[in-house]
1. Just to verify a result, which residue in segment 160-200, among those that are among the acidic types (Asp, Glu), touching a residue at least 12 places away in the same chain (Cβ under 8 Å) and more than 12 Å from the ligand (Cβ to nearest atom), is nearest to VAL73 (Cα to Cα)?
2. Any idea which residue in segment 325-347 is nearest to the ligand (Cβ to nearest atom), counting only those that are farther than 14 Å from LYS192 by Cα and of a type in the set (A, V, I, L, M)?
3. If we only count helices (runs of 4 or more DSSP H) wholly inside segment 338-414, which ones have 3 or more residues that are of a type in the set (S, T, N, Q) and under 23 Å from HIS184 (Cβ atoms)?
4. Which residues, taken from segment 280-292, are surrounded by fewer than 24 Cβ atoms within 10 Å (Cβ to Cβ) and touching a residue at least 40 places away in the same chain (Cβ under 8 Å)?
5. Quick one: in segment 377-402, which of the residues that are closer than 16 Å to ALA65 by Cβ and buried (at least 21 other Cβ atoms within 10 Å of the Cβ) is farthest from the chain's Cα centre (by Cα)?
6. Only one of TYR102, TYR128 is under 20 Å from the mean Cα position of the chain (by Cα), in contact (Cβ under 8 Å) with a residue 24 or more places away in the chain, within 16 Å of the ligand (Cβ to nearest atom) and crowded, with 24+ Cβ neighbours inside 10 Å; which?
7. Any residue in segment 241-259 that is modelled with pLDDT of 95 or more, touching an Asp or Glu at 6+ places or on another chain (Cβ under 6 Å) and crowded, with 22+ Cβ neighbours inside 10 Å?
8. With at pLDDT 95 or above, part of a loop (DSSP other than H, G, I, E, B) and in contact with a Gly (Cβ under 7 Å, 6 or more places away or on another chain) as the only criterion, which of GLY50, GLY67 stands out?
Amino acid sequence: MEENLNVLVSTQTIIHEALNRLGYPEEMFELLKEPLRVLTVRIPVRMDDGKVKVFTGYRAQHNDAVGPTKGGVRFHPDVTEDEVKALSIWMSLKCGIVDLPYGGGKGGIICDPREMSFRELERLSRGYVRAVSQIVGPTKDIPAPDVMTNSQIMAWMLDEYSSIREFEAPGFITGKPLVLGGSHGRETATAKGVTIMIGEALRRKNIALNQARVIIQGFGNAGSFLAKFMHEAGAKVVGIADVHGALYDPEGLDIEHLLDRRDSFGTVTNLFKNTLPSKEILEQECDILVPAAIENQITRDNADRIKASIIVEAANGPTTIEATKMLTDRGVLLVPDVLASAGGVVVSYFEWVQNNQGYYWSEEEVHRKLEQLMINGFENVYHIHSTRGVDMRLAAYMVGVRKMAEASRFRGWI
Ligand code: GLU
């Protein structure tokens, strides 16, 4: 039988199992298996050549029993409705695991920002906010950056929202530039969170960070900052990959040079000859493997060839259910996406709190608080993993789903 690569179906399968193990009735699964709300929008944009192009976008709100929904907006040609739905469910789980007062949301627009001008991107970002403005807001649903969106796009979205609402509302969106109410540490937050998770995993495996060899697939926001942090901490980054290909050197790569030459979409390997195909980097010798790119990279077809003893998922959905099982059976410690990549939303939460109180924290303060929430999340998941004998992904789902299930029950929805 073909392995199922639909991320919505696989996420539903694990949620079902998590709810069963926690003893919830089938009705709870019926409530949580799909987002409460999904809005599809069509956004007309005047392109630089004078023609109008109509883009399709989505905003999914998974569950708002705990609090407003929260999650990024991605700009990518492969965005689909099912993917946005799955991503909104993952956001609910992330918020549950690190204990934020939010449910999950997610947005996406089918487009290729690499082929659009600055002004076209601005018009698209503003058009998206006008299209979804009725269902978002600082106490309803709070967007943020995701794949191929950044602080400039958040700034345009904020500006559009404040002109529609006619008041300043910095808490409408997170991942903003510092001067518009952004938080210190937001840009590096996902990579910092992954770094903290790597530290916890290494402790469980008794490996020292400065002895560890690391491979990172993906050189976008998370992957590139992570390469920097690993390099600065004395680990040997032996492999990196982007959409064009991969570089591997058992002696360690020149990370400073690669970061210097990387473009704003995270590509650098196109400058080199003799690169490996991006997916082959996963199978090279290393201690820690960090998939920081896209979905379904580790499947039952290559799981047996992975050599790392620790996998920390910085991307959303990089490993399938079957591959997770195969790796866990071989003793690989896998820190799943819904835990490992939660650093971004944690600091987004801090940004929103700072916006609400109008008082801003130092980078050290943000980092200390991030560390606390991430380590608590890891310990809770690891505890369920070791006491209930379930893999780390199922353990993370069990921790993540509990709060929204309880909140839904208290509200009388189930
Ligand atoms: N897009 C990021 C994620 O997938 C961050 C979301 C946020 O900051 O709200 O976790």
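1. GLU160
2. Here the answer is VAL338.
3. Once the helices (runs of 4 or more DSSP H) in segment 338-414 are filtered for at least 3 residues that are of a type in the set (S, T, N, Q) and under 23 Å from HIS184 (Cβ atoms), what remains is 343-357.
4. If the condition is that a residue be surrounded by fewer than 24 Cβ atoms within 10 Å (Cβ to Cβ) and touching a residue at least 40 places away in the same chain (Cβ under 8 Å), then GLN284, GLU285, ASP287 are the ones that fit.
5. VAL401
6. Residue meeting the stated conditions: TYR102.
7. no
8. So the residue among GLY50, GLY67 that is at pLDDT 95 or above, part of a loop (DSSP other than H, G, I, E, B) and in contact with a Gly (Cβ under 7 Å, 6 or more places away or on another chain) is GLY67.
The values are calculated or read from the model by the stated rules, or taken from the named source; none is laboratory data. Being a predicted model, the structure only gives us computed values, none of them experimental. Positions of Cβ are backbone-derived with ideal geometry, glycine not excepted, and every protein chain shown enters the neighbour counts.
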